[in-house]
Amino acid sequence: DAGITQSPRHKVTETGTPVTLRCHQTENHRYMYWYRQDPGHGLRLIHYSYGVKDTDKGEVSDGYSVSRSKTEDFLLTLESATSSQTSVYFCAISESGQINEKLFFGSGTQLSVL
Amino acid sequence: QQPVQSPQAVILREGEDAVINCSSSKALYSVHWYRQKHGEAPVFLMILLKGGEQKGHDKISASFNEKKQQSSLYLTASQLSYSGTYFCGTEIRGTYKYIFGTGTRLKVLA
């Protein structure tokens, strides 16, 4: 299995503060994804990346930005956190090496915005 | 654009069968199925790449009807370990966006 580490695992922050979540992978996978999961909404795509410095928006990208300066790291930033961004955030990689095939997920980050 | 899954939730007894459906309003190129246990990350189950193709994984199999833009997951002789939430996943044709269906919560009782 691919090695994916998400950090932090849990975070509590206040409205209006910036927050950065990190996804680190160890096997040089090209394709990486950020999803959020909320009750009643399933998994929703925030941003994805198809290489270093190559990223694109997903379905729910408003209020989020991403950066990928190295193959192994995909960062998700909430510029000014809002309570509606309280969620569980999952990072994923495309384990097969092809885009959008056999996604492997990290353990998730539980983010609470008060 | 999110594929719609049905039913939303199902409760079974061990040994019973279940079918979970995934329908899309957009053309599907391929469909994947995942299972997520409570408090854990989703885990890949199987991929269906061609219309009409059926794949199997233990006593779990799936079909994909490209013309109807639907996929179905079949769980046969369910076991307690099958409990969890099932998601279909697919790429939006014409984009590289990979999205998931609305999810189906399945609970198997002893």
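The values are calculated or read from the model by the stated rules, or taken from the named source; none is laboratory data. In this text the structure is predicted, and so the values were computed from the model without any measurement. So basically every Cβ, Gly included, is an ideal-geometry build from the backbone, and we count neighbours across all protein chains shown. Ligands, DNA and RNA are stripped out before the accessible areas are found, and what is left, the full protein with its side chains, is counted by its heavy atoms. Shrake-Rupley method; radii C 1.70, N 1.55, O 1.52, S 1.80 Å.
Numbers at a glance
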| item | result |
| --- | --- |
| Contact order relative to length of segment A:3-79, as percent, for alpha carbon pairs under 8 angstrom and 6 or more apart | 30 percent |
| A:THR15 paired with A:GLN110, simple spin-label distance in nm, labels 7 Å along Cα-to-beta-carbon | 2.3 nm |
| Surface share of carbon and sulfur [accessible, 1.4 angstrom probe, percent] for chain A | 46 percent |
| At 0.692 mPa s and 37 °C, Stokes diffusion of segment B:4-109 via Kirkwood alpha-carbon radius, µm² per second | 240 µm²/s |
| Centroid-to-centroid separation of segment B:63-92 and segment A:20-51 [C-alpha atoms, Å] | 22 Å |
| Principal semi-axes in Å for segment A:4-108 [√(5λ), Cα gyration tensor, largest first] | 22, 14, 13 |
| Over segment B:4-109, relative contact order from alpha-carbon pairs under 8 Å, at least 6 apart, % | 37 percent |
| Debye, to nearest 20: dipole size of the protein assembly as shown, +1 on Lys, Arg Cβ, -1 on Asp, Glu Cβ | 240 debye |
| Convex hull (Cα only) mean projected area of the protein assembly as shown, reported in nm² to one decimal | 11.8 nm² |
| No Cys partner within the rule (Cβ under 4.7 Å), the protein assembly as shown | none |
| Rounded to the nearest 10 Å², the accessible area of A:SER69 at probe 1.4 Å | 90 Å² |
